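Each value in this text was obtained by applying a stated rule to the coordinates, not by laboratory testing. Fair warning: this is a prediction, and the values are worked out from it, not measured in the lab. Glycine gets a Cβ as well: all are built from the backbone with ideal geometry, and neighbour counts include every protein chain shown.
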Amino acid sequence: MSCLRLLTAGGGSMMSGEQEPRSYYVGVDVGTGSVRAALVDQRGVLLAFADQPIKKWEPQFNHHEQSSADIWAACCVVTKKVVQGIDVNQIRGLGFDATCSLVVLDKQFRPLPVNQEGDSHRNVIMWLDHRAISQVQRINETKHSVLQYVGGVMSVEMQAPKLLWLKENLRETCWDKAGHFFDLPDFLSWKATGVTARSLCSLVCKWTYSAEKGWDDSFWEMIGLEDFVADNYNKIGNQVLPPGTSLGSGLTPEAAKELGLPTGVPVAVSLIDAHAGGLGVIGADVRGHGLVCEGQPVTSRLAVICGTSSCHMGISTDPIFVPGVWGPYFSAMVPGFWLNEGGQSVTGKLIDHLVQGHPAFPELQAKATARCQSIYAYLNSHLDLIKKAQSVGFLTVDLHVWPDFHGNRSPLADLTLKGMVTGLKLSQDLDDLAILYLATVQAIAFGTRFIIEAMEAAGHSISTLFLCGGLSKNPLFVQMHADITGMSVVLSQEVESVLVGAAILGACASGDFTSVQEAMARMSKVGKVVFPRLEDKKYYDKKYQVFLKLVEHQKEYSAIMSGD
Ligand SMILES: Nc1ncnc2c1ncn2[C@@H]1O[C@H](COP(=O)(O)OP(=O)(O)O)[C@@H](O)[C@H]1O
Ligand SMILES: O=C(CO)[C@H](O)[C@H](O)COP(=O)(O)O
């Protein structure tokens with residue numbers, strides 16, 4: 001099911017002819033579970049929003065696939081919806097962001113199968129796919145110098161191990177026939193413009209490209225992908241442009257027809273979704289909100305983009321090497337700044353997984369439906385109901401979760417880690433489900449604290465969190481992040497801040513702003529601020545001690561089991 005909403009936030013309305021701003025931008029955001037589009041004006045106000053689910057396949061454990069044709073079709077559906085009823089000639093620019101999944105096409109740009117079944121419809125290896133474990137281990141054993149720029153250890157979620165997997169496992173059906181390997185954001189900008197140039201963001205963050213030195217031949221040769229060097233990087237990109245740059249002649253006639261927009265609309269070089277979220281929130285004017293970061297440099301702000309996964313985006317003027325945290329990446333998000341990207345591979349997906357797998361889930365669904373609430377709104381009010389004299393957070397005094405059900409991305413960079421729950425009882429009722437949900441939300445927030453501590457130990461100085469993404473719509477998730485990190489959390493005026501980030505790209509491509517920084521400052525706005533409840537700090541400090549013990553114990557268990 002897809003959905004269209006016309007919005008009147010910020011005083012602007014599509015229907016109010018007189019107030020209508022003259023320039024619009026369209027942002028398209030391809031998340032893990034759905035594609036969203038928004039019509040955004042020059043002040044960053046969302047005037048229309050539409051979303052559409054996309055297909056996912058999990059043919060084997062740890063194999064996650066999608067279809068680039070399905071994703072593009074969804075982009076067309078949502079874009080057509082958000083521009084309904086306006087004069088499309090007022091659209092000045094289009095920007096895409098997407099998850100960092102790997103799209104494989106043949107020499108004629110047709111989809112190629114990334115699976116043993118030979119299903120060419122499934123031509124995308126998703127970012128969370130962990131099939132290339134053996135390949136990434138071998139890549140890390142090389143200790144090649146490019147690994148310094150991904151936190152010291154390459155993640156199985158990056159593209160090099162996935163490419164090596166394709167070469168070693170699907171040589172005839174995929175590798176030998178392949179003409180183009182795209183990061184998903186670059187696939188979308190190519191579909192829109194016919195230009196195969198890649199975004200500096202994708203190539204630097206996921207493909208080991210250096211903004212200063214370009215590709216490193218010795219890395220590809222060392223890991224057994226010398227094919228790319230011989231081919232002069234034609235298949236993975238040898239024209240690299242900064243995000244927000246206008247591509248070619250804009251929308252091609254074919255793409256324009258499919259998207260419902262005029263031919264030639266400027267299309268921006270794209271961004272990975274987390275990075276677009278960063279642009280959408282990090283540059284806001286914070287004056288008058290009582291925030292510590294007022295008067296501090298922008299480097300004191302950490303953007304946390306929380307959807308299926310959470311990404312912690314911190315910028316700096318000089319490179320900072322944080323063990324287990326991706327980067328430092330130059331100009332990969334905000335031009336001229338270095339970026340470190342911490343992350344948790346599953347956060348929204350983990351909450352969904354634990355809640356949906358609990359025996360009381362059908363009861364929760366029925367009760368939430370009866371009240372016309374989302375299951376999370378219901379759970380939050382249920383927690384309020386069962387809490388004792390203290391804050392809700394104290395309900396988990398004896399229930400603790402380690403959240404790495406899909407390995408640890410940061411700061412341990414250990415994909416072998418597993419999830420843990422301690423404190424289970426012989427109870428399967430709704431109270432039990434609600435408390436497990438709370439402990440999971442808290443564990444994710446402790447994971448954020450763990451990442452921030454690693455970033456600060458390496459030289460970052462962070463004072464304020466800027467949250468966006470689906471999970472930032474959950475007030476419990478937001479409050480727990482404030483309480484557990486002890487930092488204020490800023491939510492943007494536009495809840496769909498990732499789409500504002502995509503629209504900022506479109507605005508830059510249009511030439512209406514002279515720089516990404518200017519567009520950020522004009523288009524991102526502070527909405528709500530959530531302050532930490534400092535009176536609860538002692539309790540969360542104790543729970544954090546337990547949190548750190550959990551992983552220590554997990555490592556001890558595996559040492560015992562692997563010993564003689
Ligand atoms: N209103 C909401 N309340 C609580 N959680 C929400 C809400 N909306 C989305 N989420 C959670 O956010 C996650 C998805 O976020 P989203 O940003 O849409 O993901 P993605 O970009 O990965 O597709 C899901 O786990 C979902 O449960
Ligand atoms: O690696 C990432 C960004 O660098 C993201 O985790 C990935 O793109 C998925 O994002 P989302 O959780 O929003 O679907």
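Packing, taken as the mean count of other beta carbons within 10 Å per residue, orders the peptides 474-480, 132-138 from highest to lowest as 474-480, 132-138. Each peptide among 397-404, 369-376 gets the average number of other Cβ atoms lying within 10 Å of its residues, and from highest to lowest they stand as 397-404, 369-376. Judged by the gyration tensor of its Cα atoms, with axes a ≥ b ≥ c, region 99-216 is oblate; a/c meets the 1.5 cut and b/c is at least as large as a/b. The aspartates and glutamates whose alpha-carbon is closer than 13 Å to the alpha-carbon of residue 235, local same-chain residues fewer than 8 away aside, are 106, 176, 183, 186, 226, 227.
Magnitude of the charge dipole for the chain, about its Cα centre and with charges confined to Cβ atoms of Lys, Arg (+1) and Asp, Glu (-1), is about 880 debye.
For residue 56, a cut-off of 16 angstrom between C-alpha atoms picks up these lysines, skipping any fewer than 8 places away in its own chain: 349.
Within the same chain, lysines fewer than 8 places from residue 80 are excluded, and of the rest, those with a Cα less than 22 Å from its Cα are 55, 191, 257.
Cα gyration tensor of region 146-286, axes a ≥ b ≥ c as square roots of the eigenvalues: rounded (a/c below 1.5), prolate (a/b > b/c) or oblate? Oblate. Using θ = phi - 60° in the Karplus curve 6.51 cos²θ - 1.76 cosθ + 1.60, the 3J(HN,Hα) couplings for region 191-204 round to 4, 6, 10, x, 9, 8, 4, 9, 7, 4, 4, 5, 5, 6 Hz; x is entered for Gly and Pro. Report note on the peptides 263-271, 417-425: ranked by the mean count of other C-beta atoms within 10 Å, highest first, their order is 263-271, 417-425. Place +1 on the Cβ of every Lys and Arg and -1 on the Cβ of every Asp and Glu in the chain, take the dipole about the Cα centre, and give the residue among 438, 406, 116 whose Cα lies farthest towards its positive end. The residue sitting most towards the positive pole is 438.
Note that region 427-438 has calculated 3J(HN,Hα) couplings of 9, 10, 8, 5, 4, 4, 4, 4, 6, 5, 4, 4 Hz, one per residue in order, obtained from phi through the Karplus relation 6.51 cos²θ - 1.76 cosθ + 1.60 (θ = phi - 60°); glycine and proline are x. Report summary: the helix-based calculation at 222 nm, which adds -39500 (n - 2.57) for every DSSP H run with n ≥ 4 and divides by the residues of the chain, gives -11000 deg cm²/dmol. Across all directions, the shadow cast by the convex hull of the chain built on its C-alpha atoms averages 26.0 square nanometres.
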